1. So which of S153, S89 ends up being within 22 Å of D47 (Cα to Cα) and polar (S, T, N, Q)?
2. Which of the residues belonging to region 113-145 are more than 21 Å from L169 (Cα to Cα) and among the acidic types (D, E)?
3. Which of the numbered conditions does L174 fail, given that it passes all the others? Conditions: (1) surrounded by fewer than 17 Cβ atoms within 10 Å (Cβ to Cβ); (2) aliphatic (A, V, I, L, M); (3) touching a strand residue (DSSP E or B) at 6+ places or on another chain (Cβ under 6 Å).
4. Within region 114-145, track down each residue that is charged (D, E, K, R), under 23 Å from M183 (Cα atoms) and part of a loop (DSSP other than H, G, I, E, B).
5. List every residue pair whose Cβ atoms lie under 7 Å apart, where the two residues are 6 or more positions apart in sequence or sit on different chains, the first residue falls within region 271-295 and is over 23 Å from A28 (Cβ atoms), and the second residue, located anywhere, is of a type in the set (D, E) and buried (at least 18 other Cβ atoms within 10 Å of the Cβ).
6. Would you pick out the residues in region 254-269 that are buried (at least 22 other Cβ atoms within 10 Å of the Cβ) and assigned to a helix (DSSP H, G or I)?
7. Listed residues R130, R86, R99; which is within 16 Å of ligand 1 (Cβ to nearest atom) and of a type in the set (K, R)?
8. Do you know which of the residues in region 133-157 that are small (G, A, S) and farther than 17 Å from L52 by Cβ is surrounded by the most Cβ atoms within 10 Å (Cβ to Cβ)?
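The values are calculated or read from the model by the stated rules, or taken from the named source; none is laboratory data. Since the structure is predicted, the reported quantities are computational estimates derived from the model, not experimental observations. Cβ placement follows ideal geometry from the backbone for every residue including glycine, while neighbour counts extend to all protein chains displayed.
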Amino acid sequence: MSTFFYPRRDDLDMTGKARILNVYDEGALEHTPLIGGHGQGFIIDVDGKRILFDTGLRGRYLLHNMKVLGIDPDSIDMVVLSHGHRDHSGGLVSLLEERRDTLVVYAHPDVREKKGKGIIIPWKRIGFPRLGEELSAKLDLRPVADWTRISDSVQLTGEIKERRDPEALGKRLLRWNGSSWEMDRMRDEISLVLETAKGPVLVTGCGHPGLTNILRHVVSHYGKDVHAVLGGAHMEKFKKPAVEAVVDIIIEEFETPQLYLNHCTGPNGIMRLREQLGLDGVKDCYVGTELSFQI
Ligand SMILES: [Fe+2]
Ligand SMILES: [Fe+2]
């Protein structure tokens, strides 16, 4: 299939601009050949570089959507993995298979730790995929423990250590600590910040550390309000009071950034947020959604 909606990067005049294009989410734009599936993935074009933030769960969906959107796997300069969960890292296998060259991947040092879903012991493994020898040789994994600049206009947050507000973890997330399974606090989750003319634009994976904790981490680093947030906030199971508490903090402490929340924010989470913030308070963000920013 040839380019369907978007010109390739070489055809775009990106001077002074950045673009974020959704390539993987549970939902896809209507009346398009794009596929929705469990997971997250954004292409970020900025500073003459192309970044893929998360790879979604299934490589074939990722590659399909990229093909429809005119994204050549070999045009990706670097991948950022928000955390080890497979709905964010699973597509890496097909991406590595498809590429000719080595792939630079930024992630938390613990991104490959064993993760599971279950009670006491996992019934399902949900961590970083197995790559095998051949694909591992194509992987250039670069650890991100703390704030790390990966481009003139892009930084990665590193670990979100201070979690003053409730996290968004779910009871059944487990990690292997080397000798036993324990509840996973998702220390390995990092976010990406695009530095735009209107302020930092935050891109999250699952938002397990808690959206407001991540926002505070970013605001205290930059000393200014966040302009927009794109990505997951893991609020599907949040009851109404928990969502209201998040909204109160967002309004009072963070001047209500534009919210393009998707993926694990979930239909329930988004509905409850919209009850508080209005229909436009959380904008749609499906596969095919494209935003551009001045940098
Ligand atoms: Fe997720
Ligand atoms: Fe996750």
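1. S153
2. Within region 113-145, E133, E134, D140 qualify.
3. With (1) surrounded by fewer than 17 Cβ atoms within 10 Å (Cβ to Cβ); (2) aliphatic (A, V, I, L, M); (3) touching a strand residue (DSSP E or B) at 6+ places or on another chain (Cβ under 6 Å) applied to L174, the lone miss is (1).
4. Hits for region 114-145 are K114, R130.
5. I295/E195
6. H263, C264, T265, G269
7. Result: R86 is the single residue among R130, R86, R99 that is within 16 Å of ligand 1 (Cβ to nearest atom) and of a type in the set (K, R).
8. Per the stated criteria, the residue is A145.
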